[in-house]
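**Q** To start, I am sharing the structure in question, which I have written as structure tokens.
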Amino acid sequence: MVVELWWGALSWLVAGLPVGIVVRLLPPWRGRSWGTTLLLAVAGAILGGLLATALGFGGLAGLDPRSAAIAALAALLALLVDNLVRTRRQLARERPVSARDGAGRAGAGRRAG
């Protein structure tokens, strides 16, 4: 039995993990656990690598620097989107109730007439 090593997939992981480590050391990501940050980076890298393969750059069994670069960018994009979603949720929770229903706006409580 011949075991085929998937060099392309391995390069995606190698591209995604350093992105996750570097991003985790930055202040906005300090509230998230190491495991979650690295998992998101690896998931983004795998999706980016699959996208690169679909575009014709490399593949699972071959090394291609373009595929690894797209995987790293996809890992960064996944982490940025996650941070954007978390920030919006946190801001929505912190916003006072009066600001959500419009009662805080000038003239919102007046009747027309």
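The values are calculated or read from the model by the stated rules, or taken from the named source; none is laboratory data. Computed from a predicted model, the values in this text were never measured in an experiment. Reconstructed Cβ throughout: ideal geometry from the backbone, glycine too, with neighbour counts over all protein chains shown.
**Q** Which of (1) at negative phi; (2) surrounded by 11 or more Cβ atoms within 10 Å (Cβ to Cβ) does E94 not meet, given it meets every other one?
**A** (2)
**Q** Okay, next question. Output the number of the condition that G31 fails; it satisfies all remaining conditions of (1) part of a helix (DSSP H, G or I); (2) under 16 Å from L80 (Cα atoms).
**A** In the conditions (1) part of a helix (DSSP H, G or I); (2) under 16 Å from L80 (Cα atoms), G31 misses (1) alone.
Here is a yes/no grid of residues against (1) surrounded by 13 or more Cβ atoms within 10 Å (Cβ to Cβ); (2) part of a helix (DSSP H, G or I):
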| site | (1), (2) |
| --- | --- |
| G20 | yes, yes |
| G35 | no, yes |
| L63 | no, no |
| A69 | yes, yes |
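**Q** Do the conditions hold for V81, that is, is it modelled with pLDDT of 90 or more, under 28 Å from I21 (Cα atoms), surrounded by 11 or more Cβ atoms within 10 Å (Cβ to Cβ) and in contact with a helix residue (DSSP H, G or I) (Cβ under 7 Å, 6 or more places away or on another chain)?
**A** Here the answer is no, as V81 does not meet what is asked.
**Q** Look at region 45-68 and say how many of its residues are of a type in the set (G, A, S) and touching a Ser or Thr at 6+ places or on another chain (Cβ under 8 Å).
**A** The qualifying residues number 6.
**Q** Still on this structure, please answer the following. Specify which of the listed residues (L39, L73, L47) is more than 20 Å from Q90 (Cβ to Cβ), loosely packed, with under 15 Cβ neighbours inside 10 Å and modelled with pLDDT of 90 or more.
**A** One residue alone meets the criteria, L39.
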